[in-house]
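A.B. asks: Please find one structure pasted underneath; my questions will follow.
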Amino acid sequence: MPDAPPSYVPRHKRNGNTTGRVHHATGTTRSSTALGYGYAWERLRLFVLQDEHYICRKCGQFGNQCDHIVPKRLGGTDDRSNLQCLCIRCHSIKTTGEQRAAKKSNKKGTQ
(Lines give C-alpha, C1' and ligand atoms only; values in the text may rest on other atoms or scores of the structure.)
Protein backbone atom coordinates (compact mmCIF):
# COMPACT_ATOMS: atom_id res chain seq x y z
CA MET A 1 0.00 0.00 0.00
CA PRO A 2 1.47 3.43 -0.90
CA ASP A 3 2.33 5.97 1.77
CA ALA A 4 -0.33 8.53 2.56
CA PRO A 5 0.22 11.98 1.06
CA PRO A 6 1.71 14.51 3.52
CA SER A 7 -1.65 16.28 3.81
CA TYR A 8 -3.07 13.17 5.49
CA VAL A 9 -0.30 12.87 8.09
CA PRO A 10 -1.61 14.18 11.41
CA ARG A 11 0.04 17.44 12.45
CA HIS A 12 1.48 15.95 15.66
CA LYS A 13 3.22 13.20 13.64
CA ARG A 14 4.88 15.76 11.36
CA ASN A 15 6.32 17.53 14.41
CA GLY A 16 7.65 14.30 15.91
CA ASN A 17 5.16 14.39 18.78
CA THR A 18 3.48 11.04 19.20
CA THR A 19 0.93 12.19 21.79
CA GLY A 20 -0.47 15.14 19.87
CA ARG A 21 -0.64 17.16 23.09
CA VAL A 22 0.82 20.63 23.51
CA HIS A 23 1.58 21.94 27.02
CA HIS A 24 -0.70 24.92 27.73
CA ALA A 25 1.91 27.14 29.35
CA THR A 26 5.04 26.43 27.34
CA GLY A 27 3.56 25.58 23.96
CA THR A 28 5.95 22.65 23.72
CA THR A 29 5.18 19.04 23.01
CA ARG A 30 7.65 17.70 25.60
CA SER A 31 6.26 15.52 28.38
CA SER A 32 5.53 16.93 31.82
CA THR A 33 8.41 14.86 33.22
CA ALA A 34 10.78 16.31 30.62
CA LEU A 35 9.62 19.78 31.66
CA GLY A 36 10.55 19.08 35.28
CA TYR A 37 7.14 18.03 36.58
CA GLY A 38 7.76 14.35 37.41
CA TYR A 39 7.45 12.39 40.64
CA ALA A 40 9.47 14.84 42.76
CA TRP A 41 7.26 17.71 41.57
CA GLU A 42 4.08 15.81 42.42
CA ARG A 43 5.37 15.22 45.96
CA LEU A 44 6.32 18.89 46.35
CA ARG A 45 3.01 20.01 44.86
CA LEU A 46 1.03 17.91 47.36
CA PHE A 47 3.18 19.22 50.21
CA VAL A 48 2.43 22.84 49.22
CA LEU A 49 -1.31 22.22 48.82
CA GLN A 50 -1.51 20.45 52.19
CA ASP A 51 0.69 23.06 53.86
CA GLU A 52 -1.68 25.79 52.68
CA HIS A 53 -4.76 23.66 53.52
CA TYR A 54 -5.95 23.74 49.89
CA ILE A 55 -6.89 27.43 50.30
CA CYS A 56 -6.24 29.82 47.42
CA ARG A 57 -3.87 32.63 48.40
CA LYS A 58 -5.70 35.09 46.16
CA CYS A 59 -9.38 34.56 46.92
CA GLY A 60 -9.57 32.14 49.85
CA GLN A 61 -11.60 29.52 47.98
CA PHE A 62 -10.67 25.84 47.55
CA GLY A 63 -7.36 25.64 45.71
CA ASN A 64 -5.85 22.67 43.95
CA GLN A 65 -3.22 24.33 41.76
CA CYS A 66 0.39 24.68 42.88
CA ASP A 67 1.69 27.83 41.21
CA HIS A 68 5.19 29.21 40.75
CA ILE A 69 5.04 32.83 41.94
CA VAL A 70 7.93 33.65 39.61
CA PRO A 71 7.46 31.34 36.59
CA LYS A 72 10.22 28.84 35.89
CA ARG A 73 10.68 30.27 32.40
CA LEU A 74 11.54 33.62 34.03
CA GLY A 75 14.06 32.12 36.41
CA GLY A 76 11.74 30.94 39.17
CA THR A 77 12.61 27.80 41.07
CA ASP A 78 10.81 24.96 42.81
CA ASP A 79 11.85 26.42 46.16
CA ARG A 80 8.97 26.43 48.66
CA SER A 81 9.14 30.24 48.95
CA ASN A 82 8.31 30.49 45.23
CA LEU A 83 5.25 28.21 45.38
CA GLN A 84 1.67 29.01 46.32
CA CYS A 85 -1.73 27.35 46.33
CA LEU A 86 -4.28 28.86 43.93
CA CYS A 87 -7.75 27.90 42.78
CA ILE A 88 -8.26 27.08 39.11
CA ARG A 89 -9.80 30.50 38.38
CA CYS A 90 -7.03 32.54 40.02
CA HIS A 91 -4.35 30.34 38.47
CA SER A 92 -5.90 30.81 35.03
CA ILE A 93 -6.09 34.60 35.48
CA LYS A 94 -2.48 34.76 36.65
CA THR A 95 -1.20 32.53 33.83
CA THR A 96 -3.12 34.48 31.19
CA GLY A 97 -1.68 37.76 32.51
CA GLU A 98 1.85 36.35 32.43
CA GLN A 99 1.39 35.09 28.88
CA ARG A 100 0.07 38.47 27.71
CA ALA A 101 2.98 40.26 29.36
CA ALA A 102 5.43 37.86 27.70
CA LYS A 103 3.86 38.49 24.28
CA LYS A 104 4.06 42.26 24.79
CA SER A 105 7.73 42.09 25.80
CA ASN A 106 8.48 39.85 22.81
CA LYS A 107 6.84 42.33 20.44
CA LYS A 108 8.82 45.23 21.95
CA GLY A 109 12.05 43.27 21.60
CA THR A 110 11.49 42.60 17.89
CA GLN A 111 10.64 46.15 16.87
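A.B. asks: Confirm whether Gln99 is over 17 Å from Tyr37 (Cβ atoms) and not hydrophobic (A, V, I, L, M, F, W, C).
C.D. replies: It is true that Gln99 is over 17 Å from Tyr37 (Cβ atoms) and not hydrophobic (A, V, I, L, M, F, W, C).
A.B. asks: Please go through (1) more than 14 Å from Trp41 (Cα to Cα); (2) without any contact (Cβ under 8 Å) to a residue 40 or more places away in the chain for His68 and return the number of the only condition it doesn't satisfy.
C.D. replies: Just one mismatch for His68, condition (1).
A.B. asks: Of Cys59, Cys66, which residue is assigned to a strand (DSSP E or B) and either more than 16 Å from the chain's Cα centre (by Cα) or within 24 Å of Gly38 (Cα to Cα) (or both)? Walk me through how you get there before you give the answer.
C.D. replies: Numbers: Cys59 fails: assigned to a strand (DSSP E or B).
Only one candidate passes the filter, namely Cys66.
A.B. asks: Taking only pairs six or more apart or across chains, which ones have beta-carbon atoms under 9 Å, a first residue in the stretch 44-60 that is hydrophobic (A, V, I, L, M, F, W, C), and a second residue that is part of a strand (DSSP E or B) and exposed (fewer than 13 other Cβ atoms within 10 Å of the Cβ)?
C.D. replies: Short answer, once both residue conditions are applied: Ile55/Phe62; Cys56/Phe62.
A.B. asks: Separate question: Counting just the residues of the stretch 89-111 that are among the charged types (D, E, K, R) and more than 16 Å from Lys58 (Cβ to Cβ), which one comes out modelled with the highest pLDDT?
C.D. replies: My answer is Arg100.
A.B. asks: Moving on. Say whether the condition of being surrounded by 14 or more Cβ atoms within 10 Å (Cβ to Cβ), at pLDDT 95 or above and within 16 Å of the chain's Cα centre (by Cα) is met by at least one residue in the stretch 27-36.
C.D. replies: no
A.B. asks: Still on this structure, I have one more. Looking only at the stretch 77-88, decide whether some residue is out of contact with any strand residue (DSSP E or B) (no Cβ under 9 Å at 6 or more places or on another chain), of a type outside the set (S, T, N, Q) and modelled with pLDDT under 95. Reasoning before the result, please.
C.D. replies: From the stretch 77-88, those out of contact with any strand residue (DSSP E or B) (no Cβ under 9 Å at 6 or more places or on another chain) are 79-81; that's our starting set.
In the following step, the residues that additionally are of a type outside the set (S, T, N, Q) were identified as 79-80.
With the extra rule that they be modelled with pLDDT under 95, the set shrinks to none.
Within the stretch 77-88 (the criterion being out of contact with any strand residue (DSSP E or B) (no Cβ under 9 Å at 6 or more places or on another chain), of a type outside the set (S, T, N, Q) and modelled with pLDDT under 95), the answer is no, since none of the residues qualifies.
The values are calculated or read from the model by the stated rules, or taken from the named source; none is laboratory data. Only a predicted model underlies this, so the values are computations on that prediction, with no experimental measurement involved. As a convention, Cβ positions derive from the backbone with ideal geometry for all residues, glycine included, and neighbour counts pool all protein chains shown.
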